[in-house]
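Report on the following structure.
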Amino acid sequence: MDLHIKETKQLVAEAFSEFFKEKCSTGDDVHIALSGGSTPKIVFDHLAAEYGAEIDWSKVFLYWGDERCVPPSDSESNYKMTVEHLISKIDIPEENIFRILGEDDPEEEAKRYSNVLDEQLPKANGIPCFDLVMLGMGDDGHTVSIFPYNIELWEMPENCRVAKHPDSGQQRVTFTGKIVNNAKTIAFLVTGAGKTEKVTSIIKEQEGYKQYPASLVSPKQGELHWFLDQDAAAGL
């Protein structure tokens, strides 16, 4: 595990953007799973502004680790946020973008997107293998759309499953742990004082930490990075 602790959220975005650019500079095709949330917005803005012209986007293929079951025009759509903050500002071929169809039937879409991963991604251990999976973490320790109450979804055999938000009941299509932990590189982006308690518990492996889905992120053969601001890292 590598920790990257920066003073502010903006500096986290800058550090991760440089990290992202390096991952896209191999000359090979790069398959990346994006995350939603407030921190990626800043990351995507910085990435587009500073590295948009430097990255060969024809070799970058974008996917999403989870998506709310809403149309792509909805303000809650992770895809919409990515379009506004990144995709609309860079020269990436449309055929390189594989969005989760949040407007479709959730169960059918989870199956379809599972097949997309099987068809599009290279395999390792017989499982689709991302070059980079971006992850956020909620105040409750959830990651992708797997929450403490439905943590059993992490171990499911499918690539993707349907999950429900514990409070709103909103349906989401999410990766399972099978896909997350098979990536070459996994990077958490976690900022804000609201995350301090869970970050501390998970990284220090304090009592009860395994109840948090984010604690189950453990790449089989790859790297694990945590990009944290000073607030989120205050307990370390």
Q) Normalised by the number of residues in the chain, what is the relative contact order in percent for Cα pairs under 8 Å and 6+ residues apart? A) 24
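Please go through the residue pairs K59/K164; K21/K198; K9/K80; K6/K204; K123/K220; K178/K210 and name each one whose alpha carbons sit more than 24 Å apart in this structure. Provide the component values of the computation, followed by the final result.
Values: K59/K164 34 Å; K21/K198 29 Å; K9/K80 22 Å; K6/K204 19 Å; K123/K220 13 Å; K178/K210 17 Å.
Beyond 24 Å: K59/K164; K21/K198.
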Q. Quick one: putting +1 on the C-beta of Lys and Arg, -1 on the C-beta of Asp and Glu, what dipole do you get for the chain around its Cα centre, in Debye to the nearest 20?
A. 440
Q: Could you state, as a whole-number percent, how many of the C-alpha pairs of the range 8-139 are farther apart than 20 Å?
A: 44
(Q) Quick check on the chain: helices-only [θ] at 222 nm, where DSSP H runs of length 4 and up contribute -39,500 (n - 2.57) each and the sum goes over total residues. Nearest 500, please. (A) -8000 deg cm²/dmol
Q | Amide hydrogen neighbours beyond the local backbone of K6, cut-off 5 Å, H modeled | A | L228, D229, Q230
Q.
Apply the Karplus curve 6.51 cos²θ - 1.76 cosθ + 1.60, θ = phi - 60°, to the phi angles in the range 169-185 and return the couplings in whole Hz, x for Gly and Pro.
A. x, 4, 7, 9, 9, 9, 4, 9, x, 3, 7, 4, 6, 9, 6, 5, 9
Q.
Charges on Cβ only, +1 for Lys and Arg, -1 for Asp and Glu, centred on the Cα centroid of the range 8-139; of G27, V70, W57, which one is farthest towards the dipole's positive end?
A. G27
Q: Evaluate the distance, in nm, between pseudo-label points positioned 7 Å from the Cα of D28 and of K123 along their respective Cα→Cβ axes.
A: 1.7
**Q.** Debye, to nearest 20: dipole size of the range 48-131, +1 on Lys, Arg Cβ, -1 on Asp, Glu Cβ
**A.** 200
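Given a 1.4 Å probe, how much area per residue of the range 92-200 is accessible, in Å²? Each step should come with its number before you reach the end.
Details: 4300 Å² over 109 residues.
Dividing the accessible area of the range 92-200 by its residue count gives 39 Å².
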(Q) What distance in nm separates the two pseudo spin-label positions at S168 and L11, each 7 Å out from Cα along the beta-carbon direction? (A) 3.3
Q | Rg(Cα)/(2.2 N^0.38 Å) for the chain, N = residue count | A | 0.94
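The values are calculated or read from the model by the stated rules, or taken from the named source; none is laboratory data. All figures in this text were calculated on a predicted structure; none of them were measured in a lab. Cβ: placed from backbone, ideal geometry, glycine included. Neighbour counts: every protein chain shown. Calculation scope for accessible area: heavy atoms of the full protein, side chains included, ligands and nucleic acids excluded. Shrake-Rupley method; radii C 1.70, N 1.55, O 1.52, S 1.80 Å.
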